[in-house]
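The values are calculated or read from the model by the stated rules, or taken from the named source; none is laboratory data. Just so we're clear, the structure is a prediction, and the values are computed from it rather than from any experiment. Don't worry about glycine lacking a Cβ; one is built from the backbone with ideal geometry, like all the others, and counts go over all protein chains shown.
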């Protein structure tokens, strides 16, 4: 079987285990734990494996992976591709996460793409999640999910999320040896996770924030 097809099947199987949880917004405290136990008690035909059972901790890990990186994070990372990603690119992604632990994987990938650090589609959510997990940078949400619910937009252009970060140093046009900080301001649609506007500025100040937001509104209209 084609490796990509198998990875898709594995991700679909993993999503099926957690779908009774992630597809609902009205879970009462303790219901998530009960659903995980119920899923762990069953027997399955698992793609790419001879096992027939999935442990509670494994299902909890799938749930964290999905909440962190979406469906793509449920796909196992191809071993042959993991070593091809430059170490400096992973280090930059980790630095962006450490700078603001609330940044989602989708937002970080979007920042790297719009800033020209990486080609669109090159970085996968599952790849970054794996590196973040090894670096201890995944979000510990399991303990809170039974009580608190994160608001998420239900359609495009309902809500945008803005973020800024220090990206790198660039030389002046007149004096290349003179370096200055460059800040990335980005706006992302909460529903589609698409970057609606991103731009580099010399200062992390309100005029840059207002300018980037204005340009996003001109292009995509005012969010609700």
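List of remarks:
- Entry remark, the range 58-79: residues being farther than 22 Å from residue 42 by Cα and in a helix (DSSP H, G or I) number 7 in total.
- Only residues that are assigned to a strand (DSSP E or B) and under 20 Å from the mean Cα position of the chain (by Cα) were counted across the range 154-198, and they come to 18.
- Unmet criterion (only one of (1) within 18 Å of residue 13 (Cβ to Cβ); (2) surrounded by fewer than 20 Cβ atoms within 10 Å (Cβ to Cβ)) for residue 115: (1)
Rundown of residues vs (1) more than 26 Å from residue 136 (Cβ to Cβ); (2) more than 20 Å from the chain's Cα centre (by Cα); (3) at pLDDT 90 or above, yes/no style:
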| residue | (1), (2), (3) |
| --- | --- |
| 21 | no, no, yes |
| 45 | yes, yes, yes |
| 73 | no, no, no |
| 86 | no, no, no |
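- For the range 93-129, the set of residues classified as in contact (Cβ under 8 Å) with a residue 40 or more places away in the chain, in a helix (DSSP H, G or I) and more than 24 Å from residue 169 (Cβ to Cβ) consists of 106, 125, 126, 127, 129, listed by residue number.
Yes or no, residue by residue, for (1) under 20 Å from residue 101 (Cα atoms); (2) exposed (fewer than 11 other Cβ atoms within 10 Å of the Cβ); (3) assigned by TED's automatic domain parsing to the domain that holds residue 125; (4) at pLDDT below 85:
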{"position": "168", "(1), (2), (3), (4)": "yes, no, no, yes"}
{"position": "171", "(1), (2), (3), (4)": "no, no, no, yes"}
{"position": "176", "(1), (2), (3), (4)": "no, yes, no, yes"}
{"position": "184", "(1), (2), (3), (4)": "yes, no, no, no"}
{"position": "193", "(1), (2), (3), (4)": "yes, no, no, yes"}
{"position": "201", "(1), (2), (3), (4)": "no, no, no, no"}
{"position": "210", "(1), (2), (3), (4)": "no, no, no, no"}
{"position": "216", "(1), (2), (3), (4)": "no, no, no, no"}
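Rundown of residues vs (1) in contact (Cβ under 8 Å) with a residue 40 or more places away in the chain; (2) in contact with a helix residue (DSSP H, G or I) (Cβ under 7 Å, 6 or more places away or on another chain), yes/no style:
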site	(1), (2)
33	yes, no
40	no, yes
47	yes, yes
56	no, yes
59	yes, yes
62	yes, yes
69	yes, yes
72	yes, yes
76	yes, yes
